[in-house]
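For reference, the structure is listed below as structure tokens.
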There are 2 protein chains.
Amino acid sequence: MTLKVSGIFSGHILLPQLSVMMKKSFQYQLTLIFLLFGLSLSAQETALNLMPVPEQIEMGEGHFVITKRFSISLTGTYHERLAHEATRFLRRLDQKTALFFDQHKVSGERTNASLTITVERPGEVRLHEDESYQLRVGTESIELNAQTDIGAIRGLETLLQLAGATNGQSTFPVLTINDSPRFHWRGLMMDVARHFMPMDVLYRNLDAMAAVKLNVLHLHLVDDQGFRFPTKAFPELLELSSDGQYYTREDLDDIIAYAHQRGIRVIPEIDVPGHATAILVAFPELGSKDTTYTLERYSGIFDPTLDPTNDAVYDFLDQLFAEVAEVFPDPYFHIGGDENLGRHWNENKDIQAFMKANNLATNHDLQTYFNIRVQKILNKYGKHTMGWDEIMTPEMPKSAIIHSWRGNWEGLVAKQTLYDAARAGYETVLSNGYYLDLMMPASQHYLVDPAPADMDLTPAERSRILGGEMCMWSELVVPETIDSRLWPRAAAVAERLWSPEDVQDVQDMYRRLAIISLQLEQLGLKHISSRNVILRKLAKSKDIEPLKVLVEVVEPMKGYTRNTNGTLYTTFSPFMLWADAATADATVARVFNEDVERYLSGSLEANQLRTQLDLWSKNHKKVLPIINRSPALLEIESLSENFSRLAVIGLEAIGLIESGGKPSSGWVTQCQQVLEEARENGGRTELQVISGIAMLVDELKGL
Amino acid sequence: MTLKVSGIFSGHILLPQLSVMMKKSFQYQLTLIFLLFGLSLSAQETALNLMPVPEQIEMGEGHFVITKRFSISLTGTYHERLAHEATRFLRRLDQKTALFFDQHKVSGERTNASLTITVERPGEVRLHEDESYQLRVGTESIELNAQTDIGAIRGLETLLQLAGATNGQSTFPVLTINDSPRFHWRGLMMDVARHFMPMDVLYRNLDAMAAVKLNVLHLHLVDDQGFRFPTKAFPELLELSSDGQYYTREDLDDIIAYAHQRGIRVIPEIDVPGHATAILVAFPELGSKDTTYTLERYSGIFDPTLDPTNDAVYDFLDQLFAEVAEVFPDPYFHIGGDENLGRHWNENKDIQAFMKANNLATNHDLQTYFNIRVQKILNKYGKHTMGWDEIMTPEMPKSAIIHSWRGNWEGLVAKQTLYDAARAGYETVLSNGYYLDLMMPASQHYLVDPAPADMDLTPAERSRILGGEMCMWSELVVPETIDSRLWPRAAAVAERLWSPEDVQDVQDMYRRLAIISLQLEQLGLKHISSRNVILRKLAKSKDIEPLKVLVEVVEPMKGYTRNTNGTLYTTFSPFMLWADAATADATVARVFNEDVERYLSGSLEANQLRTQLDLWSKNHKKVLPIINRSPALLEIESLSENFSRLAVIGLEAIGLIESGGKPSSGWVTQCQQVLEEARENGGRTELQVISGIAMLVDELKGL
């Protein structure tokens, strides 16, 4: 017999008076403890909705009741950012509870405060800073203690997630949390080059990053499609290569200050020597081919490349990097270094001669020669080099950070370059597996661990794995849609990078993700609301219910398949279309497929499935008139029809299963035909209920 | 017998070959014409969804089909902003049609373009600039002709609104439009002092303003609650009086450039001598009372006032105005001048002595003395004075613009100061009746006309009425909610200020407003999506259907009643609450009340009402569990209950009416009791279906 504790995360929870650290098979142990001690800890009470899960939780009894007199006191020695962040916390809690707090602003010590924050020393926004904190919620007061104000800021986010309601009052549960991150580098890369992202996008995403304890924003500022750094030395780059879209110095100062306020570092990337079209549009003489260049509008890997044999290239980079180094205070500087196929090098006789003269056998050797010179420039400005994993060559100094991105898609083993780098003595950061733009479900990214316990590295090597960074490449992403491409999935990866390794329960991750997703919306993110905005646009109406039913069971085409050959879309294509209303996790479809399994295993009644399938079977009839007045929706006509056809099959299958009947001759074959046709994309999205329907059909196969 | 042409706006439409200008009782004439000529112009074809309605439309036959090859050519002499705006039009049309246009950028002349824009001369972003245009859509090509590029930009917005669909293709209807604005000053004032509005709010609202042809953004930069102008001369103002929230010079430059791109002027307001708390916090020595000041957090009219007898005040204003004048190129400069009760003047012996010595009998005389000195400072910087209507005194030079705001609420007759100003020789702008923050329905603002034909002014006096300006005071408005407080209602007022006087059909205004509202959302406005964002926050869930049903039939308390005595809310109060999810026009309630009338007059069956009332009667049961887990929703418990009780009464009444039965003894009295109780606000909102239910009850009264 087991006591069911549904929805509890597989974290580390200590029950009152039970200061035993529990690892693994947690639910089972908790069940045991319930049985042994006869505690009446209800699912409701224990299902903390925290993300990321803290390192250690000790549950207490009762609640702290939040009232209008809620107040905060700051003690110890801290950076002024703490007062700002504590004030922001106060306002967010007031917004959440609607209590109209008497205190409006947090500034230093006050007596009898509800929440006392004690900090040992001012934090620095730098790699390896202490972010640990301890949170003690009692019935009468709350203490938040941390080494640094940055740790305290992490703790405030935890406390805000704990705010709930008990008997009509807003409350925090009594508990003690000891928490610190598993990895020090918990990043998000935003590609602001391919599609420029305005300030408000960066602001609200920094708020969201802080909410789930991410601490590095990496800005990919330059690529073939655009140059976004406000260089004073080379105004031609902004005039010719930005389409008028770039950050000003003041913008970048503001972004960095805003990020630092939240304990988030900002790393710039100037991608060289490949991905150089934007630079070469303005300065073709720095290129490896004697030609002129036009700004790239398509997606892919292109040939324009800086000429590593030309001293003018290094003079240019010296001046440019000096400017970038001046704006970004972080000691790490990302030089890209990826995806240079070297075609223009092969074609250039002078470059070939240079290689021969300098004993550079391969293009990779030539790029290494380039990287070493670039690395010396950065040293001059006090910066460490960071680069995509192609920069890892024997000559690269060990002070560089290797950014591991290649994996199966690039013919390598996932995480191979990460481990190779760590073994070779480099610090390293993982991005392979964290490419959110590929539109894979959260579960897939969630289970990618940069340093699982069973990997084959020495402790010293392990210590060089700094953490991970999500990538949001923006070929198909615009300011209006980026939030729904990032969130809530980024919160799941944030948990992987912060929480203990054994926090692995995918079901519970999805349960909490749905809750955290709603909280993120309150920071101004549009990841939930943008769907209906797009559907209203497509339908030219507020009546979008049938479209919602359909969009909830599709996902955009995965990987790079949505953009066939990189030429289906250009920079200027419309990106508020059907596929942009779809998200990477079609929750309704996932739950349906799980329900079918439960039904077939006898743990779910047929009725729930029938009601859903009945609605779906009639959906196409409701979608058709909308399509008829909206030419932009013509692309989903077959998709919508296939969806309703699948539902009809599902209903027929359930009917047969329930009645114990036998399908008519040819029925299974017909169904398989429909299932096959339903795999075709519609509006660059794919139906996600096929596996569920197929299971139902399969059940009748042998009869 | 009449031919019903539903949904047509009462504008000026000329049918093909019928170049007769039709005014008034248009529907009747059109009906006649249909009967006379037997034309088969369907409602579908004629119901153009334009807002504002153009001056003159001549309908043609057929459509221009929009394809992937749609292209634009610019000819004539124009300001470079036209290329930018034509490109923006191109992208918006591409987004709307999802055709993936070949042309990405508009830059000068090209042959065989789909749309040719011809402009006579570069426009200037100034008062009285020519904004007229002529649009000819043919089946094969489109011509847009204008005196200035600003006129052409207005025409592009009209063309975009005309884009529709015919037989699965995106099309424009064949027609000719001749259009020009009725008033030259079509403004929107945003109070960015009481609640600061970040850049993204201004950007998207400028886009929306351009979409409905508004042309003045008036920024109220200073008030008791905050100082938002980036003065270099007086950094204390930003340090002490802004809570860290103000625009930088670069911000204001960006806003002005962004507005000018769209042909929109930007007017600054520095409100003096009253509303001066923020200034006096930093410089108490400039005040009329020997005291120190703290930044105001409440709403209302406060005493802190600059001392008009102190020369240092004029030195201060001279330096400050020099800076403001430098940033804002427009020749008009708003000095506020409103709501100074002069209490601190009365209390100050030196000021009283000064008044005696200078023969200033009243506080108004003293303020005039102040205004004249201020006006001279502005003259020095080449600026005309604009001020709220209190500045109108005999000594004020006629170059000033009088901004008419006082009306019934202030003990005056509406528009009296407007007409007085025009008669006295001042140019004048109307805001009374256009205070959108009062949360009155669109219809009420829509019918306020600054210069109806029947007013008692000479043509010369009439010509001084420049137009109108909506006001969005921000005591109860934050960046997250301002869009839904402004839009779509602002579009209705925009029509009043642009379209011919006799465009007055409220029903048709509401019909078009719903369509334009959806188009405005595509510009990034949150006026539609913010409701669900707030409801999800309050419900802590995505399941908000019962809350939506309720919020759709309530409106926030009107006028200044929501904020009792100005002290219920402070600057820092939460403003994403129930009342913030409600909007000024509860469309569902309005339509319900109309339906009841139709039912009682025999033109609507009972069933439709019954279905709606049945849903409503059960709604409270669904709302209750949501309230139980959300303390922030406790304030709507009675409201929700009253709503369902009203629905029960409605159902009972219809039952009796349908059966011809007689209500039981006391039933009517009981109902009236419930109706009375239902008038009580809940969550600072009021039910709007009371009149409909009351009509049903009244029907049974005498029986």
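The numbers here are math on the coordinates, done by the rules we state, and not lab data. Computed from a predicted model, the values in this text were never measured in an experiment. Using ideal geometry, Cβ is built from the backbone for each residue, glycine included, and neighbour counts are taken over all protein chains shown.
In table form, for the structure just shown:
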{"quantity": "³J(HN,Hα) computed for each position of region A:225-232 - Karplus, 6.51 cos²θ - 1.76 cosθ + 1.60, integer Hz, glycine/proline x", "calculated": "9, x, 10, 10, 8, x, 5, 8"}
{"quantity": "Ascending list, in nanometres, of distances separating the B:Asn112 label from those of the other copies (7 Å, Cα toward Cβ)", "calculated": "8.4"}
{"quantity": "Copies compared at B:Leu447 - label distances in nm, ascending, label defined 7 Å from Cα in the Cβ direction", "calculated": "6.5"}
{"quantity": "Prolate/oblate/rounded label for region A:444-495 (Cα gyration tensor, a/c 1.5)", "calculated": "prolate"}
{"quantity": "Residue-by-residue Karplus 3J(HN,Hα) for region B:436-441, coefficients 6.51, -1.76, 1.60, Hz, glycine and proline x", "calculated": "5, 5, 6, 6, 7, x"}
{"quantity": "Cα-based shape type of region B:529-698, given that a ≥ b ≥ c are square roots of the gyration tensor eigenvalues and the cut on a/c is 1.5", "calculated": "prolate"}
{"quantity": "Packing rank of A:660-667, B:489-496, A:477-484, where each peptide gets the mean count of other beta carbons within 10 Å, highest leading", "calculated": "B:489-496, A:477-484, A:660-667"}
{"quantity": "The protein assembly as shown - charge dipole about Cα centre, Lys and Arg +1 at Cβ, Asp and Glu -1, debye rounded to 20", "calculated": "2360 debye"}
{"quantity": "Burial ordering of A:Arg182, A:Arg679, B:Arg598, fewest other beta-carbon atoms within 10 Å first", "calculated": "A:Arg679, B:Arg598, A:Arg182"}
{"quantity": "Proxy reagent accessibility, fewest Cβ within 10 Å first, across B:His195, B:His403", "calculated": "B:His195, B:His403"}
{"quantity": "Contact order relative to length of chain B, as percent, for alpha carbon pairs under 8 angstrom and 6 or more apart", "calculated": "11 percent"}
{"quantity": "For A:Ser630, A:Ser288, order by how many other beta-carbon atoms lie within 10 Å, fewest first", "calculated": "A:Ser630, A:Ser288"}
{"quantity": "Helix-only CD estimate at 222 nm, as mean residue ellipticity for chain B, using -39500 (n - 2.57) per DSSP H run (n ≥ 4)", "calculated": "-12000 deg cm²/dmol"}
{"quantity": "Charge dipole (debye, nearest 20) of chain A; +1 at Cβ of Lys and Arg, -1 at Cβ of Asp and Glu", "calculated": "1600 debye"}
{"quantity": "Dipole moment magnitude, nearest 20 debye, region B:80-154 about Cα centre, only Lys, Arg, Asp, Glu C-beta charged", "calculated": "300 debye"}
{"quantity": "By average C-beta atoms within 10 angstrom, highest first, the peptides B:226-232, A:272-278", "calculated": "A:272-278, B:226-232"}
{"quantity": "Neighbour cut-off at most 13 other Cβ (10 Å), DSSP loop, trypsin sites (Lys or Arg not before Pro), region B:43-89", "calculated": "B:Lys68, B:Arg69"}
{"quantity": "Positive-end residue, chain A charge dipole about Cα centroid, Cβ charges, pick of A:Val137, A:Leu320, A:Ile66", "calculated": "A:Ile66"}
{"quantity": "For region B:337-348, 3J(HN,Hα) per residue [Karplus equation, 6.51 cos²θ - 1.76 cosθ + 1.60, θ = phi - 60°, Hz, x = Gly/Pro]", "calculated": "x, 9, 6, 9, 7, x, 4, 5, 6, 4, 7, 9"}
{"quantity": "Pseudo-label separations to other copies for A:Gln670 - Cα-to-Cβ vector, 7 Å, nm", "calculated": "5.7"}
{"quantity": "Inter-part distance where region A:541-587 and region B:394-409 are each reduced to a Cα centre, Å", "calculated": "54 Å"}
{"quantity": "For chain B, share of DSSP beta bridges that run antiparallel, in % to the nearest 5", "calculated": "40 percent"}
{"quantity": "Nearby lysines by direct alpha-carbon distance to A:Lys96 (threshold 22 angstrom, same-chain neighbours under 8 apart not counted)", "calculated": "A:Lys68, A:Lys105, A:Lys213, A:Lys526, B:Lys526, B:Lys537, B:Lys540, B:Lys542, B:Lys548, B:Lys622"}
{"quantity": "Filtered GluC sites (Glu not before Pro), region B:604-689: DSSP coil and at most 11 other beta carbons within 10 Å", "calculated": "B:Glu605, B:Glu680"}
{"quantity": "Loop-located GluC sites (Glu not before Pro) in region A:43-100, at most 14 other Cβ atoms within 10 Å (DSSP)", "calculated": "A:Glu80"}
{"quantity": "Separation between Cα centres of region B:461-503 and region A:327-386, rounded to whole Å", "calculated": "58 Å"}
{"quantity": "Cα gyration tensor, the protein assembly as shown - rounded (a/c under 1.5), prolate or oblate", "calculated": "rounded"}
{"quantity": "Average beta carbon contacts from partner chains per residue of B:516-523, 10 Å cutoff", "calculated": "3"}
{"quantity": "Cα centroid separation, region B:63-112 to region B:150-226 (Å)", "calculated": "19 Å"}
